[in-house]
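Asks: Got a structure for you, written out below as structure tokens; questions coming shortly.
Taken together, the values in this text are just the output of simple stated rules run on the coordinates, not laboratory data. Given the structure is predicted, the values throughout are model-derived calculations rather than measurements. Glycine also receives a Cβ, built like all others from the backbone with ideal geometry; neighbour counts cover every protein chain displayed.
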Amino acid sequence: KNEVEQSPQNLTAQEGEFITINCSYSVGISALHWLQQHPGGGIVSLFMLSSGKKKHGRLIATINIQEKHSSLHITASHPRDSAVYICAVSMNYGGSQGNLIFGKGTKLSVKP
Amino acid sequence: GAVVSQHPSWVICKSGTSVKIECRSLDFQATTMFWYRQFPKQSLMLMATSNEGSKATYEQGVEKDKFLINHASLTLSTLTVTSAHPEDSSFYICSAGQVNTEAFFGQGTRLTVV
């Protein structure tokens, strides 16, 4: 069974700060997902990674397969980035998408 | 990107009644959909895997007779909470996706049983 650990659990930042959220997992995966959950509960997929690095706007996600570790970075943070960020991993089974196993999430609050 | 629509977004029901939640993939066919549950301040936990045209696979500890899943078409899966109790109050969310693509989530359903 895969264990997904995220840190920190809570993070408060000032607007403009560079933010890093970390995720580690225990066994091999087919992909790692970074998700954003807003207070109403809706979940948006930010990235899906199986290797290397991806960038979308102010968001950057990296993954190190050997170390079983991923980071999500937010540059020039803004209050609208305030949300819960969730790391999740998936494993394929016989060519079908497996379910996601979630970390507990990091609650980010960006103060103006 | 692909869209998954979940309905209703919130529902309040009386103890003992049943509630049906729908999850639709709007622009792709989903042979597999997943149903998750999230209690306050906890992570999402998989309840069951919904397979089109066959029985759902339930996770340990999830009662299949209480949480009925029907995946009758490639675009629709439903979760029915039968004989709801207050402890079933939770946030339920579905997801769908294809191999090696990002996961697409419904909007979620906040169920309150009174």
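Asks: Obtain the nm distance between the two label points defined at B:Glu63 and B:Lys20 by a simple spin-label model: each point lies 7 Å from its Cα along the Cα-to-C-beta direction.
Replies: Reported label-point gap for B:Glu63 and B:Lys20 is 2.1 nm.
Asks: With springs connecting C-alpha atoms under 10 Å apart, model chain A as a Gaussian network and identify which of A:Gln66, A:Gln37, A:Gln14 has the largest mean-square fluctuation.
Replies: Judging by the Gaussian network model, the answer is A:Gln66.
Asks: At a 10 Å Cβ-Cβ cut-off, how would you order B:Asp27, B:Asp88, fewest neighbours first?
Replies: Placing the least packed residue first, the sequence is B:Asp27, B:Asp88.
Asks: Hey, got the average number of other protein chain Cβ atoms within 10 angstrom for residues in B:16-25? Spell out each step's value before the answer.
Replies: Values: counts 0, 0, 0, 0, 0, 0, 0, 0, 0, 0.
Going residue by residue through B:16-25 and averaging, the value is 0.
Asks: Ok, one more. Fewest first, what order do B:Val3, B:Val11 take by the number of other Cβ atoms within 10 Å?
Replies: Neighbour counts put them in this order, fewest first: B:Val3, B:Val11.
Asks: Are any of the pairs A:Lys107/B:Lys66; A:Lys54/A:Lys107; A:Lys68/A:Lys104; A:Lys107/B:Lys55; A:Lys55/A:Lys104; B:Lys20/B:Lys55 more than 25 Å apart by Cα-Cα distance, and if so, which?
Replies: A:Lys107/B:Lys66; A:Lys107/B:Lys55
Asks: Per residue, how big is the convex hull around the C-alpha atoms of chain A? Give it to me in cubic angstrom, could you?
Replies: On the way: hull volume 10.9 nm³, N = 112.
Output value, Cα hull per residue: 97 Å³.
Asks: Using a 4.7 Å Cβ cut-off, which Cys residues in the protein assembly as shown lack a partner cysteine?
Replies: B:Cys13
Asks: Sketch the reach of a paramagnetic label on B:Gln29 as a point 7 Å from Cα along Cα-to-Cβ, and name the residues of segment B:82-114 whose backbone nitrogen lies under 16 Å away.
Replies: B:97-99
Asks: What number, in percent, do you get for the relative contact order of chain B if the mean sequence gap of Cα pairs under 8 Å and at least 6 apart is divided by its residue count? Working shown, then result.
Replies: On the way: 283 pairs, mean separation 42.3, N = 114.
Computed value for chain B: 37 percent relative contact order.
Asks: With the contact rule set at Cα under 8 Å and sequence spacing of 6 or more, what percent relative contact order holds for chain A?
Replies: 36
Asks: Once every Cα of chain B carries one equal point scatterer and solvent is ignored, give the base-10 log of I(q)/I(0) from the Debye formula at q = 0.12 Å⁻¹, two decimals.
Replies: Log10 of I(q)/I(0), two decimals: -0.37.
Asks: Follow-up question, since we're still on this one. Can you list the aspartates and glutamates whose alpha carbon sits under 16 Å from that of A:Lys53, skipping same-chain ones fewer than 8 residues off?
Replies: Result set, ordered by chain and number: A:Glu67, B:Glu102.
Asks: At B:Thr112 and B:Ser73, where each label point lies 7 Å from the Cα along Cα→Cβ, what is the point-to-point distance in nanometres?
Replies: My value for the distance between the label points is 3.2 nm.
Asks: So what's the gap between the Cα centers of segment B:19-92 and segment A:24-56, to the nearest angstrom?
Replies: 22
Asks: With N set to the residue count of the protein assembly as shown, report its C-alpha Rg divided by 2.2 N^0.38 Å to two decimal places. Could you put the intermediate results ahead of the total?
Replies: Values: Rg = 17.6 Å, N = 226, 2.2 N^0.38 = 17.3 Å.
Rounded to two decimals, the normalised Rg is 1.02.
Asks: Along the Cα→Cβ direction, 7 angstrom out, place labels at B:Ser9 and A:Thr20. What is the inter-label distance in nm?
Replies: Placing both labels 7 Å beyond Cα along the Cβ direction yields 3.7 nm.
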